[in-house]
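The values are calculated or read from the model by the stated rules, or taken from the named source; none is laboratory data. Everything numeric here is computed off the predicted structure, so don't read it as measured data. As a convention, Cβ positions derive from the backbone with ideal geometry for all residues, glycine included, and neighbour counts pool all protein chains shown. For the accessible areas, the whole protein counts, side chains as well, though only heavy atoms, and no ligand, DNA or RNA atoms are used. Shrake-Rupley method; radii C 1.70, N 1.55, O 1.52, S 1.80 Å.
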Amino acid sequence: MITLNPRKTPVQARSTASVDAILEATLQVLLEVGKERLTTTRVAQRAGVSVGTLYQYFPNKSALLQALLRQHFDGVLEAVERICREQAGKTLEEMATALIRAFLAAKMADGKASVALYAVSSDVEGAKLAKGVEARANKAILAMLATSSEALNKDPQLVASILQGAMSGVSRRLLESGAREKDFRELREELVLFARSYLRGCAGRK
């Protein structure tokens, strides 16, 4: 059985710096040579650490890639949770607009990296990781919706799930198509339009 979990968690500043350097090197090597040619030796050399040091934290290539994917997911989740807190008390349409723009900005902050990580996701239990992230994001969205200045006429859980499904679908489209900046902006604004219209209906307004 392949172990994906890190061997140990860094607790000192030096250890944290080493792990950060290793993950940054992993991304650089992934983008440079692809997942098939990525090796722990290449990553260690790029990070400027010994292979032994790398193995203190990551037992194999798969663990490296999963940690990199988890780091990406954590960044997106942090952006979603932050915007949900900031939008407390706003109208439903304002919430939808801010949420979508924040989510896609975080998801596509580095388009090439996002596409590369999407490609390795299925190899390192990406679906399992995504499920946990989606559950936490759902909780943040529900908490935001509960503070809206407008009452929903539908189950908030259903509304949150529809929003998440729409956001995930568009981000997947962007990742799979390698969309240009112009395409990204157009898809984002169409999604905003959809979400605003949907939430307007959920508030009983036309």
>> Which residue, Leu191, Ser148, Leu64, has the largest displacement toward the positive end of the dipole of the chain when charges sit on each Cβ (Lys, Arg +1; Asp, Glu -1)?
In response: Leu64
> Label-point separation (nm) for Arg173 and Glu94, each offset 7 Å from Cα along Cα-to-Cβ?
Replying inline: 2.8
>> So if I take the centroid of the Cα atoms in the stretch 13-58 and the same for the stretch 111-163, what is the distance between those two points in Å?
In response: 29
> If the label point is 7 Å along Cα→Cβ of Val133, which residues in the stretch 84-110 have backbone nitrogen under 13 Å from it?
Replying inline: 103-110
>> Going by amide H atoms built from the backbone, whose H comes under 5 Å of the H on Glu150, apart from near neighbours?
In response: Leu92
>> Along the Cα→Cβ direction, 7 angstrom out, place labels at Arg37 and Glu24. What is the inter-label distance in nm?
In response: 2.3
> Just going by the charge dipole of the stretch 1-145, with Lys and Arg at +1 and Asp and Glu at -1 on Cβ, which of Gly34, Val76, Ile22 is farthest out on the positive end?
Replying inline: Ile22
>> Can you tell me the mean projection area, over all orientations, of the convex hull of the stretch 113-206's alpha carbons? Units nm², please.
In response: 6.9
> Under the rule of -39500 (n - 2.57) per DSSP H run of 4 or more residues, summed and divided by the residues of the chain, what mean residue ellipticity at 222 nm is obtained, to the nearest 500 deg cm²/dmol?
Replying inline: -25000 deg cm²/dmol
> Just the accessible area per residue of the stretch 121-206, please: how many Å² with a 1.4 Å probe?
Replying inline: 59
> Tell me, what are the semi-axes, in whole angstrom and largest first, of the equivalent ellipsoid of the chain as set by the roots of 5 times the Cα gyration tensor eigenvalues?
Replying inline: 37, 18, 13
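I'd like the carbon and sulfur percentage of the solvent accessible area for the stretch 78-169, probe radius 1.4 Å, heavy atoms only, ligands and nucleic acids excluded.
On the stretch 78-169, the fraction of accessible area on carbon and sulfur atoms equals 57 percent.
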